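Read through the structure below, which is laid out as structure tokens, and then see the notes.
Nothing in this text is a laboratory measurement; each read-out follows from the coordinates by a stated rule. In this text, all values refer to a predicted model and were calculated from it rather than measured experimentally. With ideal geometry, Cβ positions are generated from the backbone for all residues, glycine too; neighbour counts draw on all protein chains shown.
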Ligand SMILES: [Zn+2]
């Protein structure tokens, strides 16, 4: 039998495990050492049983379950150890044979919280001061179990005096132990928890009777200093998000914001919460706060676009929790692309960004896509189909490979769709009519409705008749060397390059700890060690022979700093002195001479002669 076959077995498992909840007791008191100890028990019937560890994690669009950190498994039944055997094909499945007379089994195991900075929720999640608990990392389920039906009774013990936040309903608290209400596996996995020694919960307001919370876990008390203007913007975000969709598909909503330089940085959406992880000083310092401006709007938008409405291909079995995969990413330009567009325009609508910061962001994204050599071979749709490969692709030759471009190119395409609707309807309608139609419905509890490409086209046509299938297909299958600029140009702006770095671009350099020579010489340089992760194909540096994954050591015989290189570019431009770059490639050094007279170049959006729709688009819809 194939390990991915869920025919008769599914019926068997569902009927068996509908009898009582699985109990899941997690001891997180060793979280500061990155260890979680688990005791799980469930009813069982004599005979073969396969226990599975979640592999495909919703929202991560890939097989990212951290199975290598699942250790110490011991299974017992009737007081005796039951041997287990891992499936030799599916590394996430463990086979046991439940002995005759045994009616319940107990499993003990440990989870090692990862230490790597990459890998989304399977990346670093615990420090000495805080932890993010992702239940998919801590449980097993009987193969074929229905994630909506199988119930888990979870219990969590935290380090003394740690506070916590989660969307998972709580039954009672005793000391540092939390007992949750029984929940389906789907709801449990969809409801992570953050906890820590430095912790703060802020109420962000109620809408349609549904409350919203911000829970902040940080590596220090100082990092918890939420500025009044940021809090006001997040309260406005709650209202603005409601104006985009006219519905709310959750009982309450919880932003779990984790502030640490020692956890993986990303955002992961859930129906009733989001797991948002950024650097420790993001609320306190201007540059990281600016760069994080659209993170919470993006993840919040996913409650509608991604969790409530989801591409059918991302739901194996048509279930919310198809943890055995495989997931098909071909519609991620809707799931992520439209979320990115909406999240980005919600940042200025709420006051998390100024309209100018939004334009600086958009100009950067558009320029990056417009200079991507890989556009010539790889259409946008393939970046979505290959999402499970591209999220973990290396940085070198990224410009040739392309990356998860359905995010930024989604910004451009959905802006163009928005502008098209506004123009064709003479201002009577906008993309918000589409979002209210496609993502609307009754508010108050999580639900999921799947869709296909034709459903998106049909809903767009209901709002504004047009050949939307052609509009989308042209952009999804294009191998033009240029990015689709119709949205930017149709909304009254155009992309230009000049020698001035915007404040937004300076903030990007500060947070990345790197200097931007991308649109001039053709690379970014890491401040710390001169690393060149990527070199733009056909840029002056590339033509001179410079290779990615090397280090820039010196400029014109002087140690590299960004100021030394910028000065050399000025001298080249004014006096014609060539720029000599000493580069270390493996163990060898070589000097490359670049004759580049273009000076510094940074992308910006400036007004063209069309009416300024973009400023209207980023204006708030609520008071
Ligand atoms: Zn997303």
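Compute the angle between helix 8-17 and the longest alpha-carbon principal axis of the chain, please, reported from 0 to 90 degrees and rounded to the nearest 10. It is inclined by approximately 70 degrees. Distance from the alpha carbon centroid of segment 565-623 to that of segment 82-98 works out to 55 angstrom.
Considering only alpha-carbon pairs that sit under 8 angstrom and 6 or more positions apart, the relative contact order computed for segment 116-218 is 28 percent. Here is the tail figure for segment 91-207: Cα pairs spaced more than 21 Å apart come to 49 percent of all pairs. Treating r as the C-beta distance of residue 243 and residue 449 and R0 as 22 Å, the FRET efficiency rounds to 0.55.
Averaging the Cα positions of each part gives two centres, and for segment 114-160 and segment 205-274 these lie 20 Å apart. Distance from the C-alpha centroid of segment 426-493 to that of segment 505-536: 34 Å, rounded to the whole angstrom.
Taking every alpha-carbon pair in the chain and binning the separations at 10 Å intervals from zero gives 3, 15, 25, 25, 18, 10, 3, 1, 0 percent. Running Debye on segment 342-402 with equal point scatterers at the Cα sites and no solvent, what base-10 log of I(q)/I(0) appears at q = 0.17, 0.29 Å⁻¹? The computed values of log10 I(q)/I(0) come out as -0.73, -1.09. Just round it to a whole percent: the fraction of Cα-Cα distances in segment 389-536 exceeding 23 Å. Across segment 389-536, Cα pairs with separations above 23 Å total 54 percent. Applying 1/(1 + (r/R0)^6) with R0 = 60 Å to the Cβ-Cβ distance of residue 478 and residue 174 gives a FRET efficiency near 0.50.
Evaluate the relative contact order of segment 431-563 (contact order divided by residue number), counting alpha-carbon pairs under 8 angstrom at least 6 apart; express in whole percent.
Here the relative contact order equals 11 percent.
Per-residue ellipticity at 222 nm from helix content only, as computed over the chain with -39500 (n - 2.57) for each DSSP H run of at least four residues, stands at -8000 deg cm²/dmol. Here the calculated FRET efficiency for residue 377 and residue 573, from their Cβ-Cβ distance with R0 = 35 Å, stands at 0.55, rounded to the nearest 0.05. Computed from Cα atoms, the angle from the helix 453-463 axis to the main principal axis of the chain rounds to 70 degrees.
Relative contact order of the chain: what whole-number percent is it, with Cα pairs under 8 angstrom and at least 6 residues apart?
Computed over the chain, the figure is 11 percent.
Is segment 293-406 best put as rounded, prolate or oblate by its Cα gyration tensor, with a ≥ b ≥ c the root eigenvalues, rounded for a/c under 1.5, and otherwise prolate when a/b is larger than b/c, oblate when not?
oblate
Taking a ≥ b ≥ c as the square roots of the eigenvalues of the alpha-carbon gyration tensor, segment 183-231 is classed oblate because a/c is 1.5 or more while a/b is no larger than b/c.
How much of the calculated P(r) for segment 50-154 lies past 19 Å, in percent of all Cα pairs? Summing the P(r) tail past 19 Å for segment 50-154 gives 50 percent.
Label segment 142-256 by shape, choosing from rounded, prolate and oblate, from the square roots a ≥ b ≥ c of the eigenvalues of the Cα gyration tensor; if a/c is under 1.5 it is rounded, and otherwise prolate applies when a/b is larger than b/c, oblate when it is not.
Because a/c hits 1.5 or more and a/b fails to exceed b/c, segment 142-256 counts as oblate.
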